[in-house]
1. Quickly run through the range 105-114 and pick out the residues that are touching a helix residue (DSSP H, G or I) at 6+ places or on another chain (Cβ under 7 Å) and either at positive phi or surrounded by fewer than 18 Cβ atoms within 10 Å (Cβ to Cβ) (or both).
2. Do we find a residue being in a loop (DSSP other than H, G, I, E, B), of a type in the set (A, V, I, L, M), modelled with pLDDT of 95 or more and touching a strand residue (DSSP E or B) at 6+ places or on another chain (Cβ under 6 Å) anywhere in the range 174-185?
3. For the range 127-136, what are the residues that are within 18 Å of the chain's Cα centre (by Cα), free of Cβ contacts under 8 Å to residues at least 24 places away in the same chain and loosely packed, with under 14 Cβ neighbours inside 10 Å?
4. Somewhere in the range 15-28, is a residue at pLDDT 65 or above and in contact with a His (Cβ under 9 Å, 6 or more places away or on another chain)?
5. Given the options His197, His170, His158, name the one that is more than 16 Å from Ala57 (Cα to Cα) and over 14 Å from the mean Cα position of the chain (by Cα).
6. Kindly indicate whether Ile74 is buried (at least 18 other Cβ atoms within 10 Å of the Cβ), touching a Ser or Thr at 6+ places or on another chain (Cβ under 6 Å), modelled with pLDDT of 95 or more and aliphatic (A, V, I, L, M).
7. Pairs only if they're at least six apart or on different chains, beta carbon under 6 angstrom, first in the range 102-114 and in contact (Cβ under 8 Å) with a residue 60 or more places away in the chain and assigned to a loop (DSSP other than H, G, I, E, B), second buried (at least 16 other Cβ atoms within 10 Å of the Cβ) and of a type in the set (A, V, I, L, M, F, W, C); list them, first residue then second.
Amino acid sequence: MPFRMGPSIPALRHVAYKAATSAMTLHLLILVDTYSMANLSRATDRSSLLVEFRQIASSATALQVLQQGIVEGISQRLAHYNWTGFYMLDPDDSETLVLGPFVGAPTEHVRIPVSQGICGAAVATGETVIVDDVNADPRYLSCSIETKSEIVVPIYVHGKVIGEIDIDSHDPAAFTEDDRQFLEEAARIVGTYIEKHSDETAAL
């Protein structure tokens, strides 16, 4: 009976390489699908939250009710938002931000001069500020060693900044353009609420 050699070493290597490549490809596809599903879930949560915020705004009897509804809704639905709160300009001191409703760890920064911190920068520039690494930003006012990134979105009323939404995350570079758009729309909802109710008060 003639002797038959098995597959050559190069052939075995080729088979092994193809098998490994297929396994890696499958693993990458699973990772991509998981990432895509997570992003889709976040997008759905953001959209539904904005609907909820508008509903709260339509019936809220006070600004604090709307703000509390926003921070609680965000904390319950967006896991990478680890601290969510409002800072509003002091009516008696336009150079100082005062802490409003928030959800998250207590903070010592209950009053922040507009000249200080990332919160101050958002008011001073009138623009959204996103910081991917707070430890690399000299403006950051340290609140928690767990905080890695931050986004601050100004709130406008009749064309003027009157406060802001401040979000901290325990994840570095946690905030994307989608987060910016979501929070800027939330800020518009708050600003519109204040405009409407201040106009109603002025008309009395």
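1. If the condition is that a residue be touching a helix residue (DSSP H, G or I) at 6+ places or on another chain (Cβ under 7 Å) and either at positive phi or surrounded by fewer than 18 Cβ atoms within 10 Å (Cβ to Cβ) (or both), then Pro113 is the only one that fits.
2. Looking for residues that are in a loop (DSSP other than H, G, I, E, B), of a type in the set (A, V, I, L, M), modelled with pLDDT of 95 or more and touching a strand residue (DSSP E or B) at 6+ places or on another chain (Cβ under 6 Å), one finds at least one in the range 174-185, hence yes.
3. Asn135
4. No, every residue in the range 15-28 fails to be at pLDDT 65 or above and in contact with a His (Cβ under 9 Å, 6 or more places away or on another chain).
5. Details: His197 fails: more than 16 Å from Ala57 (Cα to Cα); His170 fails: over 14 Å from the mean Cα position of the chain (by Cα).
None of the other options fit; the residue is His158.
6. Yes, satisfied.
7. Filtered contacts from the range 102-114: Gly104/Trp83.
So that you can scan it fast, the table gives a plain yes or no per residue for (1) polar (S, T, N, Q); (2) surrounded by fewer than 16 Cβ atoms within 10 Å (Cβ to Cβ); (3) in contact with a Phe, Trp or Tyr (Cβ under 6 Å, 6 or more places away or on another chain):
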position	(1), (2), (3)
Thr125	yes, yes, no
Pro138	no, yes, no
Ile155	no, no, no
His158	no, yes, no
Pro172	no, yes, no
Phe182	no, no, no
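The values are calculated or read from the model by the stated rules, or taken from the named source; none is laboratory data. All values derive from a computational prediction rather than experimental measurement. Every residue, glycine among them, receives a Cβ derived from its backbone with ideal geometry; neighbour counts consider all protein chains shown.
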